[in-house]
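Trainee: Can you read through this structure? Questions will come right after.
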Amino acid sequence: MKRKGTGPDGLVIVDKPEGITSHGVVAKMRWLAGTRKVGHAGTLDPMATGVLVIGVERATRLLGHLMLTAKTYEATIRLGQDTVTDDREGEVTSSASAAEVTREAIDAGIARLTGEIMQVPSKVSAIKIDGKRSYTRVREGEDFDIPARSTTVYSFTVQDRRTAVAEDGTPVIDLDVTVECSSGTYIRALARDLGAGLGVGGHLTALRRTRVGPYGVESARTLEQLEEQLEVLPIGDAATAAFPRWDIDAEQAKLLSNGMRLKAPGLGVDGPIAVFGPEDRFLALVEEKDGKAKPVAVFVG
């Protein structure tokens, strides 16, 4: 039986559990909210847990802009083994003892992967190559290359270091790390590249996203909690949290709703600005360009 939802405009901050795809969470939210107009900002692999930002109704139009924000992850990297998927869900393809890898070498390797870097995404990622998902090409046995792309790792910090022995008897090192990065950064690829740089291989064994832009795991709700009570952050509150705010008067609001470009507010920001009219009504996202406020998403009119 289809659940009768309220179809609210806003964001739902989900604490995604392990073992479900981001698409599976979207399907669940469609049922809970009683609408098919649901999307998400930034895919999480089934193995990963943590913050998944879901947009409902008009708030789906915010999602493409939210994906450009910084994200924070807590992860565990295993040094000493490569896998076909760059994480623990894939078959081990090579092993090399990490017993002689020093903390100094690890720190140097992390330093090389911090800042603006060129990164080759994992071949089992959802990235599209000539219109086709990379993981689909892998399943179909295709031989292909993914071009490196620019990304930014703002911080890459080791929280704990442990020695262990893998199932095949290889001495390995497990690193608990915190990574803050730009959208489009693949944490699995960081694990792979750190291990490659150290000459022993590496892959990801755990991943939890703790923040997407202003939305942290402390405000996220599990699917079980959302089944009990659907908590939706109203679209205006969501925009205020994520973007600089510009309040305009009734005359300006009328012009904007009629498709007219307003004089830019002169905030000097690079990216979207949330525009609010009288009675705290969220109207649009605009960008400053050539002295004008160029609409990128209008929610009235």
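Trainee: Filter the range 158-195 for residues that are more than 23 Å from Glu18 (Cβ to Cβ) and either without any contact (Cβ under 8 Å) to a residue 24 or more places away in the chain or not assigned by TED's automatic domain parsing to the domain that holds Val84 (or both) and give the result.
Mentor: Val165, Gly169, listed by residue number.
Trainee: How about the range 10-124: which helices (runs of 4 or more DSSP H) wholly inside it have at least 1 residues that are at positive phi and not aliphatic (A, V, I, L, M)? Don't jump to the end; show me each part of the working.
Mentor: Values: elements: 22-33, 63-66, 103-112.
It comes to none.
Trainee: Would you point out the residue of the range 261-301, among those that are of a type in the set (Gly, Ala, Ser) and over 21 Å from Ile235 (Cβ atoms), that is surrounded by the most Cβ atoms within 10 Å (Cβ to Cβ)? Walk me through it before giving the result.
Mentor: Step one: list which residues in the range 261-301 are of a type in the set (Gly, Ala, Ser), which gives 264, 266, 268, 271, 274, 277, 284, 291, 293, 297, 301.
Still in the running and over 21 Å from Ile235 (Cβ atoms): 264, 266, 268, 291.
Working: Ala264: 18, Gly266: 10, Gly268: 8, Gly291: 9.
Taking the candidates together, the pick is Ala264.
Trainee: Here are the criteria: (1) at pLDDT 80 or above; (2) farther than 14 Å from Tyr186 by Cβ; (3) among the polar types (S, T, N, Q). Tell me which single one Thr136 does not satisfy.
Mentor: Thr136 satisfies all of (1) at pLDDT 80 or above; (2) farther than 14 Å from Tyr186 by Cβ; (3) among the polar types (S, T, N, Q) except (1).
Trainee: Next question. Go through the range 246-296 residue by residue and tally those that are in a strand (DSSP E or B) and either over 19 Å from Asp9 (Cα atoms) or of a type in the set (Val, Ile, Thr) (or both). So that I can check it myself, show each step before the final result.
Mentor: Taking the range 246-296 first, the residues in a strand (DSSP E or B) are 246-247, 262-263, 273-277, 281-289, 292-296.
Cutting the leftovers down to either over 19 Å from Asp9 (Cα atoms) or of a type in the set (Val, Ile, Thr) (or both) gives us 246-247, 262-263, 273, 275, 286-289, 292-296.
Residues that pass the stated criteria total 15.
Trainee: Still on this structure, I have one more. Name every residue in the range 195-224 that is assigned to a helix (DSSP H, G or I) and either surrounded by fewer than 23 Cβ atoms within 10 Å (Cβ to Cβ) or among the basic types (Lys, Arg) (or both), in order of residue number.
Mentor: Hits for the range 195-224 are Ala196, Gly197, Leu198, Val217, Glu218, Ser219, Leu223, Glu224.
Trainee: Looking at the range 90-97, is at least one residue among the charged types (D, E, K, R), at pLDDT below 95 and farther than 29 Å from Val300 by Cα? Give the steps one after another, and end with the answer.
Mentor: If we filter the range 90-97 for residues that are among the charged types (D, E, K, R), which is where we start, we get 91.
Then keep just the ones that are at pLDDT below 95; that gives 91.
Subset that is farther than 29 Å from Val300 by Cα: 91.
Yes; the residues of the range 90-97 include at least one that is among the charged types (D, E, K, R), at pLDDT below 95 and farther than 29 Å from Val300 by Cα.
The values are calculated or read from the model by the stated rules, or taken from the named source; none is laboratory data. Because the structure is a prediction, the values reported are computed rather than measured. So basically every Cβ, Gly included, is an ideal-geometry build from the backbone, and we count neighbours across all protein chains shown.
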